[in-house]
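These notes are about the structure you will find just below.
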Amino acid sequence: MNIFPIKNDHDYQAALAEIDKLMEAEMNTPEGDALDIWVTLVESYEAKQFPIAAPDSINAIKFRMEQQGLGLNDLTVYFGTLEKVKAFFDGKVQLTLETIRKLHDGLNIPLESLING
């Protein structure tokens, strides 16, 4: 087995082929260790080559609402009033630092997403 850094698409495709060959490997075996190394290399390459930007604050909150089955009224605990919730989703007001903190703490939304306008 020859492990190599992934520097381009050709290397990437070769690494994916190696992973495919090793998919049935058992953990704590030389093959399982090789699979772990290849997967780590591919994940690193993909993170650099195909970064996924954090969603903006509206989409992050909508996603969490969908996950937890929340409605607009459920967000008043974070925004203060239903009118403020609606104004935020209409793009009329930005999140305040206090609201960002409340949403982060209460709904576990990443700060990066909440400060992404």
Quick count over the range 1-52, residues being free of Cβ contacts under 8 Å to residues at least 24 places away in the same chain, outside any helix (DSSP H, G or I) and at negative phi, is 13
Mind checking which pairs have a first residue in the range 90-117 that is hydroxyl-bearing (Ser, Thr, Tyr) and a second that is open to solvent by 100 Å² or more (accessible area, probe 1.4 Å), Cβ under 9 Å, 6 or more apart or different chains? 99/84; 113/63
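Listed here are the residues, each with its yes/no results for (1) at pLDDT below 95; (2) of a type in the set (S, T, N, Q); (3) more than 26 Å from the chain's Cα centre (by Cα).
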residue: 1; (1), (2), (3): yes, no, yes
residue: 9; (1), (2), (3): no, no, no
residue: 12; (1), (2), (3): no, no, no
residue: 16; (1), (2), (3): no, no, no
residue: 19; (1), (2), (3): no, no, no
residue: 28; (1), (2), (3): yes, yes, yes
residue: 38; (1), (2), (3): no, no, no
residue: 44; (1), (2), (3): no, yes, no
residue: 50; (1), (2), (3): yes, no, no
Out of everything in the range 74-113 that is of a type in the set (Gly, Ala, Ser) and either assigned to a loop (DSSP other than H, G, I, E, B) or open to solvent by 100 Å² or more (accessible area, probe 1.4 Å) (or both), what residue ends up being modelled with the highest pLDDT? 80
Can you tell me which residues in the range 94-113 are closer than 10 Å to residue 57 by Cβ and among the polar types (S, T, N, Q)? 94, 99, 113
For residue 46, work out the one condition from (1) charged (D, E, K, R); (2) open to solvent by less than 70 Å² (accessible area, probe 1.4 Å); (3) more than 18 Å from residue 3 (Cα to Cα) it doesn't fulfil. (3)
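The values are calculated or read from the model by the stated rules, or taken from the named source; none is laboratory data. If you're wondering where the values come from, they're calculated on a predicted model, not measured in any experiment. As a convention, Cβ positions derive from the backbone with ideal geometry for all residues, glycine included, and neighbour counts pool all protein chains shown. For the accessible areas, the whole protein counts, side chains as well, though only heavy atoms, and no ligand, DNA or RNA atoms are used. Shrake-Rupley method; radii C 1.70, N 1.55, O 1.52, S 1.80 Å.
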